[in-house]
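The values are calculated or read from the model by the stated rules, or taken from the named source; none is laboratory data. This one's a predicted model, so the numbers in the text were calculated from it and none came from an experiment. Here the Cβ positions follow ideal geometry from the backbone for every residue, glycine too, while neighbour counts run over all protein chains shown.
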Amino acid sequence: MTIPADEKPGVRITVPVALEGRAYDIQIGRHQLCEAAALIAAMAPGAKVAVVTDESVAALHAPALEACLQQEGIGFTRITVPPGEATKSYARFIGLCDALLAAKIERDDLVIALGGGVVGDLTGFAAAVLRRGVRFVQIPTTLLAQVDSSVGGKTGINSSHGKNLIGAFHQPSLVIADTALLDTLSEREFKAGYAEVVKYGLIDDPAFFDWCEVNWSRIIEGGPERDHAVAVACRAKAAIVARDEREEGDRALLNLGHTFAHALERLTNYDSTRLVHGEAVAIGLALAFRFSQRLGLCPGQDASRVSRHLDAVGLPTTLQQVPGGAGSAAEIVAAMGQDKKVRRGVLTFILARGIGRSFIAHGVAAEEVMAFVEAELSANGPAR
């Protein structure tokens, strides 16, 4: 796989999301904030805007976006929430809705989510229910959000019972993936987002996985490889969302590794000092392939290759690498019981017959899961 000739450095890449009556574009490239303001002005002339961001992102990027909005003559209000997964709560959701109403955001106005997946999920859910639905724009500021959570219309908050269990499907009107914003990420956050990039190769694009093995360090460095990786991931997700907007079929493939990941996040109390989402996904991807190997579905060399690559990037691949411990096998399996893919109490996993050959496996036997998790907890070594 090579970077297409039309993906030249400095040239914006447009990825359409083809949903009837709700189509929108994902704009990818460096230094796109003022372009975002111009597109918003054209899309909603005369509209007011509420910029929802978190305290960390506000200091880094809000002034630049707001200056661009001012240049376009767009009136705006900034609403700031605390950073971190704990912000996806009932209390913060109610507070955001009240703040948007206090800002007199009407149905013809726009809400901008400027931040990572937490801000995007929370803001999108508030936009979905405010006045029974207002338009919103995603400007994701993390790699994870640019390639995953900002695209596809999944919004929501967490519950004590599990992650993302309360929410709505509400498509954005526009997604701006300004890859220059990623330059401010810590190495840990960027690598965590990379887990969601490489996931697309593991689902159904083995050539992209091959390319990632060679180019992952260049994605981190921020050259044209970064824009290309974001574009490939967004095209893959856009195609799946267009076929299955509400996850009634193969959109569930996007959850490869996430049944394990969400259980680990819940057991670590969504404490980002211990485990961030992308790190949990990296462990989940490695576990999904090793579980597939244990079930006789996936060649051992493919499962080992996945773990070796994630380990080379600097991502965790085993339960032993969860700071403070992952819990017992019984606790992990119980936490999986609140996964969104559970149907009539039966677990559904995304498994693999090899790299790029993932599939939806319904009704996986609980005793198989328990035996696998027990074996993983007793195993040694960070990668296989």
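Structure notes:
- Residue check, GLY120 in contact with a helix residue (DSSP H, G or I) (Cβ under 8 Å, 6 or more places away or on another chain) and surrounded by 24 or more Cβ atoms within 10 Å (Cβ to Cβ): yes
- Residue selected from the stretch 154-173 under the condition modelled with pLDDT of 95 or more and farther than 13 Å from GLY120 by Cβ, by the criterion surrounded by the fewest Cβ atoms within 10 Å (Cβ to Cβ): ALA168
- Residue count, the stretch 229-249 (criterion: farther than 26 Å from SER217 by Cβ, touching a residue at least 12 places away in the same chain (Cβ under 8 Å) and assigned to a helix (DSSP H, G or I)): 4
- Those helices (runs of 4 or more DSSP H) of the stretch 250-331 in which 3 or more residues are modelled with pLDDT under 95 occupy 258-267.
- Just so you know, in the stretch 188-221 the residues that are without any contact (Cβ under 8 Å) to a residue 60 or more places away in the chain, over 12 Å from VAL147 (Cβ atoms) and not hydrophobic (A, V, I, L, M, F, W, C) include one that is surrounded by the most Cβ atoms within 10 Å (Cβ to Cβ), and it is ASN215.
- Output for the stretch 47-79, where each listed residue is under 20 Å from ASP108 (Cβ atoms), touching a residue at least 60 places away in the same chain (Cβ under 8 Å) and of a type outside the set (D, E, K, R): ALA47, VAL49, ALA50, VAL51, VAL52
- From the list SER272, SER307, SER328, the lone residue that is more than 19 Å from the chain's Cα centre (by Cα), under 30 Å from VAL214 (Cα atoms) and not assigned by TED's automatic domain parsing to the domain that holds GLU85 is SER307.
- Every pair of residues 6+ apart whose Cβ atoms lie under 8 Å, when the first sits in the stretch 144-158 and is touching a residue at least 24 places away in the same chain (Cβ under 8 Å) and closer than 19 Å to ALA86 by Cβ while the second is part of a helix (DSSP H, G or I) and among the β-branched types (Val, Ile, Thr): THR155/THR123
- The residues of the stretch 123-153 that are within 13 Å of the chain's Cα centre (by Cα) and either surrounded by fewer than 20 Cβ atoms within 10 Å (Cβ to Cβ) or of a type in the set (Ser, Thr, Tyr) (or both), listed by number, are THR141, THR142, SER149, SER150.
- Within the stretch 154-167, restricting attention to residues that are of a type outside the set (Ser, Thr, Tyr) and over 16 Å from the mean Cα position of the chain (by Cα), the residue that is nearest to LEU39 (Cα to Cα) is ILE166.
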